Amino acid sequence: GQQLNQSPQSMFIQEGEDVSMNCTSSSIFNTWLWYKQEPGEGPVLLIALYKAGELTSNGRLTAQFGITRKDSFLNISASIPSDVGIYFCAGHPSGGSYIPTFGRGTSLIVHP
Amino acid sequence: NAGVMQNPRHLVRRRGQEARLRCSPMKGHSHVYWYRQLPEEGLKFMVYLQKENIIDESGMPKERFSAEFPKEGPSILRIQQVVRGDSAAYFCASSLVGSYNEQFFGPGTRLTVL
């Protein structure tokens with residue numbers, strides 16, 4: 001099946017620092033999604049991207065749909081302790097699949 | 001709270017018993033998806049249902065697992081004769097018709113098989 005490579009696997013940062021993570025695929029995707037999952041909870045949709053080159057913000061979060069349609073990036077500016085969690089990328093491969101493929105997640109720890 | 005509801009949140013079963021996981025979608029959503037998550041892994045698709053209809057069950061094991069979404073009531077994921085390898089977090093998501101891109105997830109059921 002489809003594989004999404006998400007990196008880094010984990011990040012340990014100081015409060016106030018900016019964070020960048022990315023997701024790459026070997027094939028073209030029509031949609032990129034970024035979710036955040038906190039311990040003991042389900043994933044929460046942060047940002048959805050639908051067009052190549054699209055740059056979308058949600059507060060301190062900004063995500064981009066790569067021009068090649070094979071990657072996406074998520075940036076968090078001025079991190080705060082409540083940003084802690086696991087961030088998952090997900091995407092819908094071209095061909096009209098309604099089932100998203102998920103990356104393995106980036107675990108973010110923010111030190112106050 | 002009009003979010004996706006799942007119960008129980010935690011379920012402990014002994015090998016060979018049955019596990020029933022329930023999911024009530026968000027109000028107005030008629031599509032339900034079930035996913036399984038192992039520790040430090042992403043979510044793996046299992047099954048996609050509409051009311052009274054299974055759309056895609058390509059991710060669900062052929063044996064012991066079944067799912068339904070009746071006309072009335074929650075969607076049920078049923079695991080018969082559970083084994084230790086079934087221990088995982090099971091998440092349900094729901095979406096509006098035609099909005100599969102934006103699925104809203106429930107809090108999950110953590111299944112532990114002893």
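Each reported figure results from applying straightforward, stated rules to the coordinates on display, with no laboratory input. This one's a predicted model, so the numbers in the text were calculated from it and none came from an experiment. Note that each Cβ is placed from the backbone with ideal geometry, even for glycine, and that neighbours are counted across all protein chains shown.
Let me know the mean shielding of B:43-56 by other chains, meaning the per-residue number of their Cβ atoms within 10 Å of its Cβ.
Per residue, the number of nearby Cβ atoms from other chains is 2 on average.
Just to confirm the filter: which trypsin sites (Lys or Arg not before Pro) across the stretch A:19-104 are DSSP coil and have at most 14 other Cβ within 10 angstrom of their Cβ?
Here the trypsin sites (Lys or Arg not before Pro) that fit, given the DSSP loop and packing criteria, are A:Lys51, A:Arg60.
Dipole of the protein assembly as shown, Cα-centred, from +1 at each Lys and Arg C-beta and -1 at each Asp and Glu C-beta, to the nearest 20 debye?
Charge dipole, the protein assembly as shown, about its Cα centre: 760 debye, nearest 20.
Filter the GluC sites (Glu not before Pro) in the stretch B:41-114 to those in DSSP coil with at most 16 other Cβ atoms within 10 Å of their Cβ, and list the result.
B:Glu41, B:Glu52, B:Glu63, B:Glu72, B:Glu102
Please work out the C-alpha center-to-center distance from the stretch A:39-112 to the stretch B:50-104 and express it in whole Å.
Going from one Cα centre to the other spans 24 Å.
Cα convex hull of the stretch A:8-112: mean projected area in nm², to one decimal?
6.3
Report, largest value first, the span of the C-alpha coordinates of the stretch B:12-114 along each principal axis, in whole Å.
39, 29, 23
For the stretch B:61-114, build the charge dipole from Cβ charges (+1 Lys, Arg; -1 Asp, Glu) around the Cα centre, then report which of B:Gln80, B:Ala67, B:Gln103 sits farthest towards its positive end.
B:Gln80
For peptide B:92-104, how many partner chain Cβ atoms fall within 10 Å of a residue's Cβ, on average?
Mean shielding count: 3.
Calculate the dipole size of chain A relative to its Cα centre from +1 charges on Lys and Arg beta carbons and -1 charges on Asp and Glu beta carbons; express the result in debye to the nearest 20.
Using Cβ point charges on Lys, Arg, Asp and Glu, chain A gives about 420 debye.
For chain A, what relative contact order do you get, as a whole percent, if you take Cα pairs closer than 8 Å and at least 6 residues apart?
Across chain A, relative contact order equals 37 percent.
What list of whole percents do you get for P(r) of the protein assembly as shown, with Cα-Cα distances grouped in 10 Å bins up to the one holding the largest distance?
With 10 Å bins starting at 0, P(r) equals 8, 32, 35, 20, 5, 0.
What does the average come to when, for each residue of peptide B:25-37, you count the partner chain Cβ atoms lying within 10 Å of its Cβ?
1
Return the subset of A:Lys51/B:Lys51; B:Lys44/B:Lys71; A:Lys36/A:Lys70; A:Lys36/B:Lys71 for which the Cα-Cα distance in this structure is over 29 Å, preserving the input order.
A:Lys51/B:Lys51; A:Lys36/B:Lys71
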